[in-house]
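Scroll down for the structure; my scribbles are underneath it.
The values are calculated or read from the model by the stated rules, or taken from the named source; none is laboratory data. Bear in mind the structure is a predicted one, so any value in this text is a computation, not a measurement. We place every Cβ from the backbone using ideal geometry, glycine too, and count neighbours over all the protein chains shown.
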Amino acid sequence: MYGVFPSALRKNPAALKAFPPLFFHLTLKGGIAMNYRIVEKDAFYLMGKTGYIPMIYHGPNPHTADVWKKLRQTDLLVLMEYSRVDPKGVVCAYSSSENVIPAAEGEMVPMYVGVVMETPMPGRFKGRFDVVPYEASTWLVFPAMDNTKDSRLASYPYIYAQISEWLPTSEYEHTSSLALTWHETYDASKPDRKSEIWVPVRKKSL
């Protein structure tokens, strides 16, 4: 504490040196608890429309409406007729070099809006809709909520970031396929509209 040996102190009492006490602060960072379910799916197709939008991480992204507008009411009615497998209803997907976290802030990415189909798109719809094929995969399904009072939870990039941070700590890893965002209905004005994020994964190799 004083930086002096007892023998030296006896010879020279004025040699005392006082040092401030040393404290250690240990901070433990806990993991993120994620609520999810596991779904096994065969190969399928995403049929709908494609557009390009800038990625916005804070608050709603008004540019997504430009892609939704490409789907006329008649298009939605046709697509819903082919929505026969889970996730049933309208889904969205974003394409980038990192598929779980869609992109960096402001980066332009393709956005796909459509429905999941078991079979390829009928020939009569060629030129009317775009198609994205998906391989058979395991899916982790995370619940989300559109119209929530918490603006962070209403931000899908925020939720994607949470999943991306949690995934390395789990027994799964993301595949090369695009993650999907499912909406209970395409009516965004519906109070408490439920949504889910579907992430294609595989078990990590030992």
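Kindly provide the set of residues from region 153-206 that are at pLDDT below 80, within 17 Å of V113 (Cβ to Cβ) and among the acidic types (D, E), ordered by number.
Hits for region 153-206 are E184, D187.
Quick one: which helices (runs of 4 or more DSSP H) lie wholly within region 1-120 and hold at least 2 residues that are farther than 30 Å from E165 by Cα and modelled with pLDDT of 75 or more? I'd like the intermediate steps shown before the answer.
Values: elements: 6-11, 64-68, 73-81.
The qualifying helices (runs of 4 or more DSSP H) are 73-81.
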